[in-house]
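Step one of this worksheet: look at the structure below.
Rule-based calculations on the coordinates, nothing more; no lab input. Values in this document were obtained by computation on a predicted structure and should not be read as measured data. Note: ideal-geometry Cβ built from the backbone for every residue, glycine included; neighbour counts use all protein chains shown.
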Amino acid sequence: MRLIKQNIERDGSGTITLFPEEPEDMWHAYNLIAPTDLLRASAIRRVTTESSTGSTSSTRVHITLLIQVTSIDFDPQAGQLHVSGRVAEENKWVKVGAYHTLDLELQRNFTLEKSEGWDSVSLDVVREAVKEDKEGTVPAVVMQEGLANICLITEHQTVLKQRIETSIPRKRSGRAGEHDKALTRFYQVTLETLLRHVDITQPRPLLLASPGFTAAGFQKYIIDEATRTGNKALLSNKSNFVVVHSSSGHLHSLNEVLKSPEVLAKLKDTKYARETRLMDEFMALLRKDDGKAWYGPSEVEKAVEKGAVGRGGGVLLISNALFRSQEIGTRKRWVTLVDKVKEGGGDARVLSSDHESGKRLEGLGGIAAILTFPLEDLDEEDEATPDQIDHTPVV
Amino acid sequence: MSRHKLVKSLDLDDELEDYDGGDDYGDEDGESYGTENLRLGTIKVRELLPQGSGHINDKQIQEALWHYYYDVDKSVAYLRKEYMAKPKKEQKKATGGSRSSFQPHMHERRVGPFSFSDFFKDMPWLNVPKDRQAVFIAPLYPRGGLLGGSSDDAPKMSKLQALAAARKKKAQEQKLNGASGMERPMAELSLSDRANCSADKIESPMATSTMKQSSRGFPLRKRKNSDPHEIPAKPVSRMEQMSNSDDNANTALLSLELDQAEPSAFASTMFNSKDRSSPRPSPDDVVIAAQSKGVLKTTGEKKTDQITANVEALKVDDTRRATSKNLDVLKEFEKVAKKNEANFVVIGHVDAGKSTLMGRLLYDLKVVDQRTIDRYRRDAEKMGKSSFALAWVLDQGTEERSRGVTIDIAVNKFSTDKTNFTILDAPGHQDFIPNMIAGASQADFAVLVIDASTGAFESGLRGQTKEHALLVRSMGVSRIIIAVNKLETVSWSQERFDEISQQVSAFLSSAGFQPKNIAFIPCSGLHGDNIVRRSTEPALTSWYSGSTLVEELDKSEPVTRALDKPLRITIGDIFRGGVQNPLSVSGRIESGSLQVGDALLTQPATQKCFIKALEVDSEPADWAVAGQNVTLHLSDIDPIHLKIGDLLCSPSSPIINIKEFKAKVLAFEFLTPMQIDVHRGRLHTTGKIREISSLLDKVTGATAGKKRPRIVKPGQLARVIVELETAAPLEPPGRVVLRSNGATVAAGLLE
């Protein structure tokens, strides 16, 4: 994403014009655009005109529309963002109040004006989005016998590209061949699918993770196939195929993958590796049960109030799904919390809900904190009113 | 020609008309005479017929005899002329008047106190033309005309009449030929069956209607005779029919019974709709009624299931679905005096010697022959793993052999005098615990193998020894035998054995095993000491004189089976059973019973399928009950609807796919709201703990401590709500194991 123009007043009002360059940028836009915001982007609209004789003709016109956003729909697999809303500025073709759905396109500017003004979190998102030194995408295959998940780990997202499920007969006495045949077929399907989604000849790591020997077998199959077909590009890249252990072939095993020394050696300081590390740290503290790790919205809020998430190790972990809340008030609540922690000298980390670590955090209510000093019984008086947090389901 | 076409081309009215006609002559008295004559005549004709007349069947002989009024010579001459020369013309030659001539019950009119064949025997003038013969008889026995009141058979008919009759006969015969592929069992034969299955006679309305339909639409049968009992699946040969009629003159009618099988489901439906005599409930009603009856299947349910399914599908499918024998499986099971059956799972840390121990057991019990072992030994030596030879008996996979670890459960059988055992050899490696869970879920008790060699026991106890023991306990296994293996490496030291026993029993009793259900046996899998044969090692016999492993196994008590619960099978494997059975599944019946022909429902796909055939312990069988390991050959389902871990249940009491469940779990690790793998037998799915509802008191099970605790510590009992990623067939009181990051975090019961 490129920042084309920034015009923000002291009070946070104003507009930002951005230029998305790659599909990942749509993810940032998805986190940036909220309902009631004003969005200006180019659109194609079908316009029906009626002639004096009463006959109608419809034409498609390229226009720039300003809409007030009502809902956002993000397709992570295709990297497409559809923003629907009502037209807020009249022009020759469209009346005010008419509905339109903008499909944000790559390589086309869009301009955004926040209805509530630009707060710290949204400015952070912009900063993150326009960052130059991008970390590369890492493809990974998490598999077990008969199941493979092909996914792309980008800086901010883990995108599941394809799930492959085949039935592999179990071993039975005297029928070992059947199992081997089915396994080879499974490798074949997985490789074909992988090649369709990912260019594995690029010099970047390809993570193959599985329990047992499935991943190793698959790695061997890829190399054997490349040798057989004489695929030099693939063969020269084989040192980048990393076999990692995971406990199952389901996607959530990815956290084990990202923790493994093989992966850390290659991708040490990527954002998702950091996020995973943070979550593990939190979990370890939680296990100690010494009152230094708390999760859940009201508990964390109380801890922040008491100044426990401050200088010297205080970390607030918050899923960005919370900021996508449809309700303005809810979003404001979290933004204030983040600001407060930052003021107090603590570290506020917004974890991507589309990463494995973010998913783990989401299980804990989307928010957790590592405190600088232990606090007990933050959840005591809370029992009568179980906390309801409103966060939109994550795609 | 497909049978459906035949059915379609059947002239129903015509058939019904004939049928009514046949009924008028059902006079039992006369029949026996005529039949007796026919029978004697047939024998005589057979004697007189030259060699090579084998293709002439009894029916034809009887027909000829009937034509010539039991004149054997004439019949022989006629048969030779007709069938020996050009057998194909037989049908055309049949005379019009004899349309139903080989039906003895229509002949009573001319049966007198004497037999014609006897009377005119050896008379040279017997070669009289047909017409004269007929004239001869007519005055003696006037009868009601079969065709237009004519007092006699063919000869008296006008040419036109004869032609019409001939045509009719031809058409009829064609139909019969069409049906002759299937054979109709005789009432007499089914008498024995009836005795067998009298237990099965739950006289439901559906059952009777089923019979009706089989008697219906086959006009040449007498209505009186319709056997109100089920039709045996095995066809009855003509010869059998003949011999049987010899035995029993009373059932003369049967000797000439036509060969007909029960109508196809399709045909029955066709005819049922025309059945005016007994208004039947619609197939839908029947299905609903049957379903309301619950698990115990009745004749009607299955039949109508098939019928409705067929009608719904209405596709031309010539392969017949296996018909149910409608056994009362539970009664059958009671009848079979069986040996005890027990499944046990072999567990323990990786490389404790589980597979080798079991290989040794099978070898010593002569389940595996010497030659096979020698071959394994040779091959293993080639790979430089000679000590693995015995394990190869169970580790059959190529990868398992090359890597020297068990990957998947191996199932083997052996039997002692008392019990038939099924071994489930579990993998010890941490990565394959899902497979071990699948095996343990089928086990009645467990054999825990412990490596006694220095250091190995200690690392095992930290590793899978502990996890496996906890897992089997939480899956409901209460009896455990501990085989302290590789004791020869510590020179059969009693101190080592005692030390291990002490530590392990302390741990096991804390895991919830009762001391009386724990047994320790010192043994060596590699050498075979104390497995089947008692050890002769003086170092061991000096301090141990207890039972061997097999003796200890034999002490297992029979387990109760959930026979009367609804049918549940978790699919353990899906494979191609062969050319005949493109889709076969195997698994252990968890509860209920089934038999060939049953309809099943697969979950979570919610697809209906049928059991084409089934095998119990690799032997073909007609039925199976809970506790048995079965292979089911399925029909009417596409393999894509099935995957390992799916559940088969009966359509009348299906299991529901659920997206979320509440469970009472014992935590092995810290539990927070987190992502987990859910295991239930082979079923392996993912989900997350959405909420920890409460902590529970370990003794009373009552809610204890805070509501909605933040975290559950190891050893605590808690009630949690688990949300699944995809709906899965689970129901209380299912036992689930929750795992996360390769470790078992909790196990418990669905609520």
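Peptide B:668-677 has a mean of 5 when you count, residue by residue, the C-beta atoms of other protein chains within 10 Å of its C-beta.
For the segment B:704-711, counting C-beta atoms of other chains within 10 Å of every residue's C-beta and taking the mean gives 4. With a/c under 1.5 counting as rounded, go ahead and sort region B:396-528 into rounded, prolate or oblate using the C-alpha gyration tensor (a ≥ b ≥ c being the square roots of the eigenvalues; past the cut-off, prolate if a/b is larger than b/c, else oblate). It comes out rounded by the Cα gyration axes. Dipole orientation for region A:229-341: of the candidates A:Gly249, A:Leu234, A:Thr336, A:Leu234 has the Cα lying most toward the positive pole (charges on Cβ; Lys, Arg +1; Asp, Glu -1). Taking other residues whose beta carbon is less than 11 angstrom from the beta carbon of A:Gly146, and scoring Lys, Arg as +1 and Asp, Glu as -1, yields +1. Stokes-Einstein diffusion for region A:272-370, with the hydrodynamic radius set to the Kirkwood value over Cα pairs and evaluated at 10 °C in a medium of 1.306 mPa s, equals 121 µm²/s. Here r is the Cβ-Cβ distance between B:Thr454 and B:His527 and R0 is 25 Å; the resulting FRET efficiency, rounded to 0.05, is 0.85. Projecting the Cα atoms of A:Val189, A:Ser13, A:Gln157 onto the charge dipole of chain A (Cβ charges, centred on the Cα centre) puts A:Val189 farthest toward the positive pole. For region A:138-266, what does the alpha-carbon gyration tensor say about shape, rounded, prolate or oblate, given a ≥ b ≥ c as the root eigenvalues, a/c under 1.5 as rounded, and a/b over b/c as prolate? Judged from the Cα gyration tensor, region A:138-266 comes out oblate (a/c at least 1.5, b/c at or above a/b). When the GluC sites (Glu not before Pro) in region A:323-358 are filtered for DSSP coil states and for at most 10 other beta-carbon atoms within 10 Å of their beta-carbon, no site remains. As a proxy for reagent exposure, ranking B:Met436, B:Met383, A:Met26 by other Cβ atoms within 10 Å from fewest up yields B:Met383, A:Met26, B:Met436. When the Debye formula is applied to the Cα atoms of region B:568-649, each taken as the same point scatterer, what base-10 log of I(q)/I(0) results at q = 0.11, 0.14, 0.16, 0.27 Å⁻¹? These q points yield log10 I(q)/I(0) values of -0.22, -0.36, -0.48, -1.61.
Inter-chain Cβ neighbour count for B:573-583, averaged per residue, equals 2 (cutoff 10 Å, partner chain atoms only). May I ask for the net charge around B:Ser542, where only other residues with Cβ less than 15 Å from the Cβ of B:Ser542 are counted and Lys, Arg are +1 while Asp, Glu are -1? Result for the local shell: -3. Peptides A:70-78, B:62-70 ranked from most to least packed give B:62-70, A:70-78, packing being the mean of other C-beta atoms within 10 angstrom over each peptide's residues. Hull volume per residue, based on the alpha-carbon atoms of chain A and their convex hull, is 209 Å³.
Measuring how big region B:596-737 is from its alpha-carbon positions, Rg and Dmax come out at 18.7, 56 Å. Largest first and in whole Å, the equivalent-ellipsoid semi-axes of region A:304-351 read 20, 11, 6, each the square root of five times a Cα gyration tensor eigenvalue.
Amide H contacts for B:Gln628 (H built 1.01 Å from N in the peptide plane; partners 5 or more residues away or on another chain; cut-off under 5 Å): B:Ile589. For region B:340-554, with the dipole built from +1 on Lys and Arg beta-carbon atoms and -1 on Asp and Glu ones, taken about the Cα centre, which of B:Thr422, B:Ala452, B:Ser510 lies farthest toward the positive end? In region B:340-554, that residue is B:Thr422. Residue-wise HN-Hα couplings along region B:548-564, as the Karplus relation 6.51 cos²θ - 1.76 cosθ + 1.60 with θ = phi - 60° gives them from phi, are 7, 4, 5, 4, 5, 4, 5, 6, 5, 8, x, 9, 7, 10, 7, 6, 8 Hz; Gly and Pro carry x.
Multiplying each eigenvalue of the alpha-carbon gyration tensor of region A:23-120 by 5 and taking the square root yields semi-axes of 28, 16, 10 Å, largest first, rounded to whole angstroms. Estimated purely from DSSP H runs of n ≥ 4, each contributing -39500 (n - 2.57), the mean residue ellipticity at 222 nm for chain A is -10000 deg cm²/dmol once divided by its residues. Our coupling estimate for region B:614-622, obtained by passing each phi through the Karplus curve with A = 6.51, B = -1.76, C = 1.60 and θ = phi - 60°, is 8, 10, 10, 6, 6, 10, x, 8, 9 Hz, Gly and Pro reported as x.
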